[in-house]
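Note sheet for the following structure.
Computed from the coordinates by the stated procedures, all read-outs in this text should not be read as laboratory data. Worth saying up front: this structure is predicted, and the values here are computed from it rather than measured. Neighbour counts are summed over all protein chains in view; Cβ atoms, including those assigned to glycine, are modelled from backbone coordinates with ideal geometry.
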Amino acid sequence: MSNVTTVLIVDDHPSFRGTARTLLESEGFDVVGEAADGASAIQAATSLEPDVVLLDVHLPDINGFKVAATLTRNGGRSAVIMTSSRDARDFGPLVEQSGARGFIAKAELSGATLTSLLQ
Amino acid sequence: MSPSARVWLVVAPPALAVGAVTSVLTARSEHVNLPGLQAALGALIGGAFVAAGLIARTRRPLNRTGWLLIAVGFTWLLGGVWGTDQSLLWTLGVAFMALPAGFLIHLLLAYPSGRLHSTWERLVVVTGYVLVTVGHGSHLLVEPDPLQCEECPSNAFLVSEQDRVADVLTSSIQIIAVAYLLAVVGTLFSRWRRASPAARRTLTPVFVAGGATLLLFAVSVGAQTFSHTLSEVTGWIASFVLVGVPFLFLSGLLKSRLARADISRALVEEPTGGAQERIRQLLHDPRAELLYACAEPSRGYVDVDGRPRDAVAEPGRAVTPIEREGRLLGAIVHDEVLLDEPELLEEVAAAVGLEIERDQNLQALEASERRSRALLDALPDRIFRVSREGIILDVQENPGSATPRAGLQVGSSVYDSPVAREVVDRILATGKLALQTGELKTIEWDVVLDGDRRHAEGRFVPSGDDEFLVVIRDVTERKRQEVEQSALHRVALAVAGEIRPERMFDLVAEEVGSVLGAHSVSLLRYEPGFEEAVVVGRWTGDGVEVEFAAVGESVSLVATPIHLVYETRRPIRVDLEDGKTSPELAADLRAHMVNSVVAAPITVSGRLWGVVAASLTPPHAFWVGAEERLGAFTRLVSLALANEEAREQLSASLFALEASERRSRALLEASPDSMFRISRDGRILDYRVQPPIRIFRPAEGMIGSDVYDADFPKEITARTMALGEQALATGELQLHEYEIEVEGELRYQEERITPSGADEFVVIVRDVTERKRQEQELQSSERRSRALLEAMPDNMFRISADGIFLDIQETPSSQRPVHAKVGSSVYDYPGAPRNVIDRVMAAGKRALETGELQTIEWKLGSEGDLRYQEGRFMPSGEREFFLVVRDVTERKRREEEQAALHRVALAVAGEARAERIFDLVTEEVGRVLGAHGANLIRYEPGGEEAVIVGGWSEPGASSEPVGERYRMQGGAAHTVYRTGRPVRFELDEGTVPPRFVEQMQEMGVNSLIAAPITVTGRPWGAVIASLTAPHSFPAGAEERLGAFTRLVSLALANEEAREQLAASRARLVSAGDEERRRLERNLHDGAQQRLVSVSLSLRLAQARLASDPAEAEALLAGANAELSVALEELRELARGIHPAVLTERGLGPALASLADRTPLPVEFEQLPDERLPGQVEAAAYYVVSEALANVAKYAAASSVSVRVEQRNGRAVIEVVDDGVGGAQPEHGSGLRGLADRVEALDGHLAVVSPAGKGTTIRAEIPVPKSPLDALAAYVEGGVGSPGGG
């Protein structure tokens, strides 16, 4: 395993994907791919096998939690971190039940918060 | 053996025996002159007295004259033993020789009653007995030859022979005896002189013969000392005269002349014992009984206590019928010996008959009046059938109606009637109301007919689609009676409370005033002579000024209404304007400012005491009959005064008791009748005129004048003379009745003509006007009753208290014929259940007890022919009542139907669930229409099938289960579906479609009715009711069913409206939810995302600020741009929630900003000048907003116009485009949501969008007034109220 953590960003808003890539790369993460919906997210995650999938809850096609469940069900190697512009309390136990590693509110996204969830 | 027969047995045989013995002794005597003649004469005299005595005893059992006659005869026969030659017997005979004289004197003085009347008479009689026993016997002790006869046997009682003493004694006794006999004769003469002419006729022959005998005996006794021959001769003459005396007694006794005087006296005195007691006194028969004949001859007699009696005589009793003019009134049961005195019986029967007839007439009149009243109460007066337009279609006048006829003909308009126009308007309006509602309506109104205010009650019932019946009843009497009865009641209470007359006079005046609606009322008492009267009571209405004397003042009666009362003795009425008033009377009325007067007499104990007079000022007049009503009050006054008088009389009665004998003598002379004694050749021999006979004003010198010279109609006199001739010829009483005008008044008089001598007769004249009037009133009253009876629509019965039909009146048109006969018992009435009859009799008895109308209802018949009847009960006599039976089946059905409809309506109004109403309706329909089963069905789409949604059936009857679906196949439900109208199928009448006949037969249904249930104009379902064979629904039942189905329709419409409302509310709620979700999403997807980006960019810039300032600057610039976009998106979002421009600036600018964002030209045709209420502005904004959005999306229009205006309290919003049209409001949530929003404000949204012709969206929303506006309107006097919102 290399020292650099690979990340797949899944969000239907391009402006967020762009800002998040800039932010994470500036903090030493390797953003290996981006996806705008659930289906392409699953495909990208399967083929890219990133260390982390930063997954938005609201996706135009499939609910983010279902995507997370699919990615984690067969013992996939990617850790899924859910994100949303909403507060974590709006989702409660849904995050844990979906098999995701954790949740980060979009406004609090940083390399440090991401690293702390992965440890 | 009767008492009289026993007397004969006791007296006659000893008398015969004694007579025979003494006759033989006398005939064989050696010392008697003419022994044969003496013996015969002695036996004749003694026998005659005994025989006459026995006859008198038998005929007059209570009169002692008979006993006295027997005593005279018996002692006379006993005295005959002096004829013997045996010393002791002879001496005994001589000693008692004078005894008959003592009895004879007693007999004469006590004649004819057998009783002595005064102390003097008793003294004379006792003296006589002392003289004939002690006086006569004493000289036997000293006189050896008391009869101065030498052949006579020796005196056995001789104590000592002392000639001197004997001579002195004999002479003294003779002188005393003569003086005594003269005194007796004098007493007789004095009695004769004091006797009335009638009594003298009886007394004269007896007194003359008896007196002469006594005189002769006096001469005979007086002459003994100086002339033996004279003594002998006068003794013989006296003896011969004496033979005839008993027969004179007998004939006088039996002539009954004095019995007649007793009858007159009894009639005058009117003792309190009642008629039967008087009959007992008059007949001297203490067991005599008076029986009254019942009105129906078959019902026999009742006694004075009202118990039924057979007029069959027991042994020893006899019956004499009481008849008048061929009519049986009653009977007298008496001792059969009285049959020997037919004259007496006839007189008593005639006198009692007159009395009974008077009483019966009064009773019959009262009974008849009661019946009439009962009938009037039970009768509708008049019936009109009237068209909706007010044309009379039919008139049924009641001939017995109290009101004058309205004079309306068939074909005339109700406006031609005499009632006021506004009343006619009310009548027509009520008739139309009855037509509209189908219910009975009742109104009352006043009508003035011929100046007489009447009160009418009208009952309106529909009789067709465009006509109604008005049943008009005159309730004037009822209203007046109510007022009058309570007034009479108050006065009667006061009278019963023994109020003082002064107080009562004022009370009566006041009550009369209020009952008659008078302005002034006075009570006056006549002064002796009837020239003046004193005011004793007075009442004047509030604010009325009438000039009349005050209480205590005296008024002159010349030419006044009060004098008229004196003249007529009847209630009178004087109206200034009727043209019948004499000028003097009119002047009197004008002087007192009076227009109308009624007055009635007050009579106390048969005397005119005073008058009650009521008056009205111009222009008012009393109603017809007011004067008769006044009579009821004056009778109460009379009663009170009689009470007062009676109290006074009670204290005076002790004194009266002492003078009673004197009074009865005087009464004998003051017989109530006027009498004339007229000779056969027409001379008035004697007369006596008593009021009220006023024909022959007694003139000087009338005695001896010719009857034809009297001031009297000659033809009546001629008839009297002819009847007098007949009376003389036959010896029988003749009756003569005629009418005669006396001082302008028609009066009836009755003459009874009876012979009073060989060539003279007596005419007894009585005024019978009162009786005749009663008879006539009775006749006219009965005629009225009869007319009423015949005009009655109901069956009527007169029933006795013990349940016998006394009279039956059957109406030809009656729906229930009468199955009873007069005389049968109500308990035998065929087909009537026992409990109904028991209730009928109980109600009848209640009516008899309370005297009030009783009403009950009962059911008769069986299922299918069940009828309701109403019975009204009124007393029609003491022990009988009147029953009017009316068939009220229709009314009853209507009532039940109304109640059932009411229950259903209540359930509908109470928002009961439809399923509950369905079952209720079928049950009520079934019961009201008497159906065997009823179903409520709902049509399935397409109208081929129906589902049963409610059902009811009689217990035990089969029924279809609720929820079952079936094909209608041309049945009743199908017909209703097609026609939308009620239908009726009758198997018997062939009204069933052929293919449905078999089905009905299979179900056993004979009669079927159905009516539609319609919801918002579309057929929804039907109610079907059925009857099994052989029953059929009554006519019109299907229409009545319609009343129920209309209620079901209403309930369903309510239900549907409720459902729509609920759906609309649900849609509004979900639309709101959806809107909020959309907002949340928009915020999340838009502004929130951008702010997140800005936040991240700022953090990145911060981190690069030191290491890479150029990039940090680029990041900050990007964040700034992102922030501007986010702000714009937030503004847009807020505008979507509620446009701020609408809140701040109103509808116009808000719509303008909408137009700015619309991609095609928008034209505003009209916009409101003022701000509308917030919710209305919002609704209008969204209507336009949605419409413009739709136009932009779908319409492919080139232009669109918008109009918002306020009109008639409503905001009208219209958006019209010229696009492709074809918009479908049902599809698409946008328009539906708009409609919900508009309807939530009680508004209405319409979309008209024909294909190719553009689309018009139009909303109308009520604009509620603001509280301030409402207040302003209120202050300015406009409609509405401050709370009206």
Legend entry - Overall form of the stretch B:38-86 per C-alpha gyration tensor (a/c, 1.5; a/b vs b/c): prolate
Inset, instruction - Rounded to the nearest 0.05, what FRET efficiency do B:GLU232 and B:ARG122 give with R0 = 35 Å and r taken as the Cβ-Cβ distance? Could you check? - result: 0.55
Inset, instruction - Find the Cα radius of gyration of the stretch A:69-119, compare it with 2.2 N^0.38 Å by division, and give the number to two decimals. - result: 1.13
Inset, instruction - With r as the distance between the Cβ atoms of B:SER825 and B:ARG903 and R0 = 45 Å, compute the FRET efficiency 1/(1 + (r/R0)^6) and round to 0.05. - result: 0.60
Legend entry - Test item: A:24-33 mean partner chain Cβ contacts at 10 Å: 1
Inset, instruction - Send over the semi-axes of the stretch B:61-145's equivalent ellipsoid, whole angstrom and largest first, taken as the square roots of 5 times the C-alpha gyration tensor eigenvalues. - result: 28, 16, 6
Legend entry - chain A: mean projected area of Cα convex hull, nm²: 6.6 nm²
Inset, instruction - Order the peptides B:510-521, B:716-727 from the highest to the lowest mean number of other Cβ atoms within 10 Å of their residues. - result: B:510-521, B:716-727
Legend entry - B:HIS620 paired with B:GLU151, simple spin-label distance in nm, labels 7 Å along Cα-to-beta-carbon: 10.9 nm
Inset, instruction - Place the peptides A:47-54, B:1184-1191, A:22-29 in order of packing, highest mean first, counting for every residue the other Cβ atoms within 10 Å and averaging per peptide. - result: B:1184-1191, A:47-54, A:22-29
Inset, instruction - Would you give the gap between the C-alpha center of the stretch B:935-980 and the C-alpha center of the stretch B:60-129, rounded to a whole Å? - result: 118 Å
Legend entry - Length gained when the stretch B:VAL448-B:VAL21 is fully extended (0.36 nm per residue, less Cα-Cα span): 143.7 nm
Legend entry - Computed E for B:SER172/B:ILE703 - FRET, C-beta separation, R0 45 angstrom, nearest 0.05: 0.30
Legend entry - Neighbour-count ranking [beta-carbon atoms within 10 angstrom, fewest first] of B:LEU1167, B:LEU339: B:LEU339, B:LEU1167
Legend entry - Test item: B:1082-1088 mean partner chain Cβ contacts at 10 Å: 2
Legend entry - B:HIS563, B:HIS228 arranged by Cβ crowding within 10 Å, fewest neighbours leading: B:HIS228, B:HIS563
Inset, instruction - Could you check the simple spin-label distance between B:ASP1156 and B:VAL10, using points 7 Å along Cα→Cβ, in nm with one decimal? - result: 15.1 nm
Inset, instruction - Classify the stretch B:534-639 as rounded, prolate or oblate, taking a ≥ b ≥ c as the square roots of the eigenvalues of its Cα gyration tensor: rounded when a/c is under 1.5, otherwise prolate if a/b is larger than b/c and oblate if not. - result: rounded
Legend entry - Other protein chain Cβ atoms within 10 Å, averaged over every residue that makes up B:1129-1138: 0
Legend entry - Fully extended contour minus Cα-Cα distance, from B:GLU739 to B:LEU141, at 0.36 nm per residue: 207.5 nm
Inset, instruction - Let me see the pair-distance distribution of the stretch A:1-66: every alpha carbon pair, 10 Å bin width, integer percents in order. - result: 24, 54, 21, 1
Inset, instruction - List B:HIS334, B:HIS1031 from most exposed to least, where exposure is judged by having the fewest other Cβ atoms within 10 Å. - result: B:HIS1031, B:HIS334
Legend entry - Order by protection proxy (mean Cβ within 10 Å, highest first), peptides B:704-712, B:872-880: B:872-880, B:704-712
Inset, instruction - Just need log10 I(q)/I(0) for the stretch B:1019-1099 at q = 0.20, 0.21, 0.24 Å⁻¹, Debye formula, equal scatterers on the alpha-carbon atoms, no solvent, rounded to two decimals. - result: -0.96, -0.99, -1.08
Legend entry - Equivalent ellipsoid semi-axes - Cα gyration tensor, the stretch B:1-142, angstrom: 27, 21, 11
Legend entry - Full-extension gain in nm, B:ALA842 to B:GLU1132, via 0.36 nm per residue minus C-alpha separation: 95.2 nm
Inset, instruction - State, to one decimal in nm, how far the label point of B:GLU1111 lies from the label point of B:ASN835, with both points 7 Å from Cα in the Cβ direction. - result: 11.1 nm
